[in-house]
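Participant: This is the structure I have questions about; it appears just below.
The values are calculated or read from the model by the stated rules, or taken from the named source; none is laboratory data. Owing to the predicted nature of the structure, the values given are computational and were not obtained by experimental measurement. Reconstructed Cβ throughout: ideal geometry from the backbone, glycine too, with neighbour counts over all protein chains shown.
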Amino acid sequence: VSASDRLPMLPVALRPLPDEGLSGLCLRNDEANGWPADTLARMVSHLSGGDIGFASPGQTILGTVFRLDALAEHLGCPLDEIEATTLMRPLRRLFGDDVDPRRLGSVGPLRVCPTCIAESRFIGRETILPLVRSCVEHQNLLAVECSRGHRLARSRPDAEPFRCATCGEPWSHIRPIQISGPYLLSQRRVVHAYRVVMERGGEDTVARARAVLGKNVALRWSGAWAAHRHIADYRLQPRYIYSLTSLVATLVVAEVPPERLFDEASPPRGPSFICRNRACPTFDRSDSMHSNGRRAETPESYCDACGSRFLGARTISSFDVGNGSSDLSPLSVYRARARLARFREAVAAACRLSIDAGDVLRIADVLERARVPRAAYLRASRLGIADTVHAWQRASPHPVRRWRSPAAEARVVSTKAGSGPGGDAVPR
Amino acid sequence: MTTPAESDHLNTLLASRRAGREPFRWRNRYIPSGFSARLLPLLDHALETATWLVVCARSGDGKSTTLRHFLAQHALRRGADGVLRGDVIASRVPVGRGSADALAVALAEQLGAVPNLRMARLRQVLVGSLHRAGISLIVIDDAHELTLAQLNYLRELTDMLKDMRRDSGAECGLVLLAVAATTNTADQPLWKLISRSKLPTEQFDNRLDGASPLVMVESLSEHELGRVLATYQRIYEDVFPDLRLTRWTRSIHGWLLDERIDGAERGRVRMRSVRRLLEATLAEAWALGMDGLDPDGRMLHQAAIRLATRGNAYSFVGYGPPEPPMAALARERA
């Protein structure tokens, strides 16, 4: 729209609320002007030659059927504010300019929180995301039907805004269903993961997620999420992650904090990323150092040789009395050593129990049975916990068979058979 | 017939243009005049008392210009809550569309974007918008083109607005600005329509101001013309420091009273004629590079003659005065 051809503003022009979605914004303006539902959306979509009635929900929340600049003109507010009501900008950052509604996953029907509608006529832009089924603010299940079982369709001629298009019941009168416990927790994790990925995500986020999640991490805890099918069904092998929703679902099911994608994306390599334990063979080197996320914006790291942990340049835990750090009192080192001794005993006992029970000794299962935290620094070679499990594995009548891809399996078989790759011994 | 003076005027302008001189730019501003001083209080009165009036004036008196000035004083403003509010809206009668729907759309456009709704719904929406905006006066320009359906719609609209404001008791005034060629009310098409004895127009008539519903606003008197000329003199004093227009007030008034220009019925002149006369004269003075008008007022007088004979003769464009036909015939024979 050129400056000389400005579109007229609405008689009542309401600006977007923070985190409001495009649908909610249009409906609020329709209601304030006394118009039927979707009048403003149709007005703007006609300008771009489209029709909101034929648009998919994905196109609607991306704003691709809208001329957002025209909507900004009608509401007299900056284009940035209108774009913030759609998910176009975060998706462009994640997947480049060629944004497709499929990048969101399959978007379901319109969902609203009755309490949000009653309080402020608010429909958040996150409520339509595939994994979000509840309003974490009011701890309500999002409604998809009115009290009489009619779908919350928006587009019907002369339907009033924020009312059921079939029976006219106000959406605010739908009885809210409270959620709590594990379901609320899972929804909080989903919303948090969406927010973090959409706010901080960039072009390399999907690739980074594939690397961070890995095969084993992505598939862990799968049993615990059986109750949350709508989330677990979206979880994918990391290499197949294609959409924002599959990325979030895989993160949530694997219980990987979404911040890890971005903390590890820029590992704090440099002068502070060295082992500061004088008793460690890798002292003053970064060979065995690993990032352990961030704490209050300070990078945390650990040494996989000695198990010491560092926050920036400060040593926060160590199992060696002679670590040479002034940050750590000897008392805390002694406590750590005592705890380590208990862990070793517990692990040995758990290994013995597992063998007696005829179980395959997997380190994750053993640590869980021994009630040892699954922290990576506890698997440092000098601490002996991992070595204990490995020793018991060697002695076990049920050896752990590592999972290998068919190609890797073929290589192993061919090596054992003494023939080269592609030889006769390679099974097809 | 074309006089040499007339052709000289147009040729002077064109010669100046050929010489690369910038054309004269008329400064299009609102000039407070005697006419606007009479019309503005009427509009204010209608706004304050929610009166219904039919206000007539001659074409070219400055009704629309004065109305624009009035609207600028009562412009709609958007509050912090995003709602457009104001006292007055005005609309022109949609040309060539005599339906009530066309008038409803024209009124709705004054309040912002108009959605594509069924007309029954749009009419409801318009009433809601007028109520929300707090409109107390509707002005219809060129109201002589109103049809019976549109008059009825205006009645219905104001009635619905009144119903909506029953609690506050606030009513909505209506001013119909129409053109009247003469002082005879029988010549006024709008009044003829209203004064018919049929029931709908009678209902409309009932709502008009009791004692004096039909008002004629007079044009400029000689004294008011002098003040207008003084204003123009001030406006152009930077390009014509020696303009001294006011000394020609009586002459201009006399020239413009020619029946071919303004008619001499009431001894008053129209603003449009004053503007045309001044525009032509100042353009010529600008083309000739003068500081003001010629001392004997010849340019003004010739412009008045051109106004009087306007449209009755061709203006010949050439490099000199046109040849008399007999001279051309003689040359051809020779």
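Participant: Which numbered condition in (1) closer than 19 Å to residue A:29 by Cα; (2) in contact (Cβ under 8 Å) with a residue 40 or more places away in the chain is the only one that residue A:136 fails?
Facilitator: It is condition (1) that residue A:136 fails.
Participant: Consider the stretch A:368-381. How many of its residues are assigned to a helix (DSSP H, G or I) and closer than 12 Å to residue A:344 by Cβ?
Facilitator: Total satisfying the criteria: 1.
Participant: Those residues that are part of a loop (DSSP other than H, G, I, E, B) and of a type in the set (Val, Ile, Thr), I need them from the stretch A:308-324; list them, please.
Facilitator: Start the filter on the stretch A:308-324 by keeping residues that are part of a loop (DSSP other than H, G, I, E, B), which leaves A:308, A:312-313, A:318-324.
Of everything in the stretch A:308-324, just one residue is part of a loop (DSSP other than H, G, I, E, B) and of a type in the set (Val, Ile, Thr), namely A:321.
Participant: Of all the residues that make up the stretch B:195-221, how many are part of a helix (DSSP H, G or I) and either within 19 Å of the chain's Cα centre (by Cα) or over 28 Å from residue B:176 (Cα atoms) (or both)?
Facilitator: Number of matching residues: 0.
Participant: Let me ask something else about it. Within the group A:317, A:332, which residue is of a type outside the set (Val, Ile, Thr), at pLDDT 90 or above and under 31 Å from the mean Cα position of the chain (by Cα)?
Facilitator: Result of the check over A:317, A:332: A:317.
Participant: Condition first: surrounded by 14 or more Cβ atoms within 10 Å (Cβ to Cβ) and over 12 Å from residue A:303 (Cα atoms). Now tell me which residues in the stretch A:370-386 satisfy that.
Facilitator: A:370, A:372, A:384, A:385, A:386
Participant: In addition: Please pick out the residue among B:130, B:137, B:146 that is at pLDDT 90 or above and away from chain A (no Cβ under 14 Å).
Facilitator: Matching residue, one of B:130, B:137, B:146: B:137.
Participant: Can I ask one more? Looking at (1) closer than 23 Å to residue A:214 by Cα; (2) surrounded by fewer than 16 Cβ atoms within 10 Å (Cβ to Cβ), can you tell me which one residue A:298 breaks?
Facilitator: Failed condition: (1).
Participant: Another question about this same structure. Restricting the search to the stretch A:71-102, which residues are in a helix (DSSP H, G or I), over 30 Å from residue A:209 (Cβ atoms) and away from every other protein chain (no Cβ under 14 Å)?
Facilitator: A:79
Participant: Moving to a separate point now. Out of everything in the stretch B:76-108 that is within 14 Å of chain A (Cβ to nearest Cβ) and assigned to a loop (DSSP other than H, G, I, E, B), what residue ends up being surrounded by the fewest Cβ atoms within 10 Å (Cβ to Cβ)?
Facilitator: If we take residues in the stretch B:76-108 being within 14 Å of chain A (Cβ to nearest Cβ) and assigned to a loop (DSSP other than H, G, I, E, B), then B:80 is surrounded by the fewest Cβ atoms within 10 Å (Cβ to Cβ).
Participant: Separate question: Look at residue B:177 and say whether it is farther than 22 Å from residue B:71 by Cα, surrounded by 15 or more Cβ atoms within 10 Å (Cβ to Cβ) and not aromatic (Phe, Trp, Tyr). Spell out how you get there, then give the answer.
Facilitator: Details: farther than 22 Å from residue B:71 by Cα: no; surrounded by 15 or more Cβ atoms within 10 Å (Cβ to Cβ): yes; not aromatic (Phe, Trp, Tyr): yes.
When the stated conditions are applied, residue B:177 does not pass them.
Participant: Taking interchain pairs and intrachain pairs at least six residues apart, which have beta carbon atoms under 8 angstrom, with the first residue in the stretch A:85-98 and in contact (Cβ under 8 Å) with a residue 24 or more places away in the chain and the second of a type in the set (Gly, Ala, Ser) and surrounded by fewer than 18 Cβ atoms within 10 Å (Cβ to Cβ)?
Facilitator: A:93/A:202; A:94/A:202
Participant: Right, here's the next one. Could you tell me which of the residues B:154, B:111 is in a helix (DSSP H, G or I) and either surrounded by 21 or more Cβ atoms within 10 Å (Cβ to Cβ) or away from every other protein chain (no Cβ under 13 Å) (or both)?
Facilitator: Details: B:111 fails: in a helix (DSSP H, G or I).
After ruling out the rest, the residue left standing is B:154.
Participant: I need the full set of residues from the stretch A:382-428 which are within 30 Å of residue A:320 (Cβ to Cβ) and either modelled with pLDDT under 70 or not charged (D, E, K, R) (or both), in order please.
Facilitator: A:383, A:384, A:385, A:386, A:388, A:389, A:390, A:391, A:392, A:393, A:395
Participant: Hey, another quick one. Based on this model, can you work out whether residue B:118 counts as surrounded by fewer than 14 Cβ atoms within 10 Å (Cβ to Cβ), over 19 Å from the mean Cα position of the chain (by Cα), of a type outside the set (Phe, Trp, Tyr) and closer than 17 Å to residue B:157 by Cα?
Facilitator: It is true that residue B:118 is surrounded by fewer than 14 Cβ atoms within 10 Å (Cβ to Cβ), over 19 Å from the mean Cα position of the chain (by Cα), of a type outside the set (Phe, Trp, Tyr) and closer than 17 Å to residue B:157 by Cα.
Participant: Quick check on the stretch A:32-45. Is at least one of its residues out of contact with any helix residue (DSSP H, G or I) (no Cβ under 9 Å at 6 or more places or on another chain), at pLDDT 85 or above and more than 10 Å from chain B (Cβ to nearest Cβ)?
Facilitator: Taking every residue of the stretch A:32-45 in turn, none turns out to be out of contact with any helix residue (DSSP H, G or I) (no Cβ under 9 Å at 6 or more places or on another chain), at pLDDT 85 or above and more than 10 Å from chain B (Cβ to nearest Cβ).
Participant: Out of (1) surrounded by 14 or more Cβ atoms within 10 Å (Cβ to Cβ); (2) among the charged types (D, E, K, R); (3) at pLDDT below 90; (4) in contact with a Phe, Trp or Tyr (Cβ under 6 Å, 6 or more places away or on another chain), the odd one out for residue A:255 is which?
Facilitator: Only one criterion is unmet by residue A:255, namely (1).
Participant: Scan the stretch A:343-378 for residues that are closer than 22 Å to residue A:280 by Cα and either of a type in the set (S, T, N, Q) or more than 26 Å from the chain's Cα centre (by Cα) (or both) and jot them down.
Facilitator: A:343, A:344
Participant: Across the stretch B:114-127, which residue is nearest to the other protein chains (Cβ to nearest Cβ) among those that are in contact with a Phe, Trp or Tyr (Cβ under 9 Å, 6 or more places away or on another chain) and part of a helix (DSSP H, G or I)?
Facilitator: Within the stretch B:114-127, the match that is nearest to the other protein chains (Cβ to nearest Cβ) is B:125.
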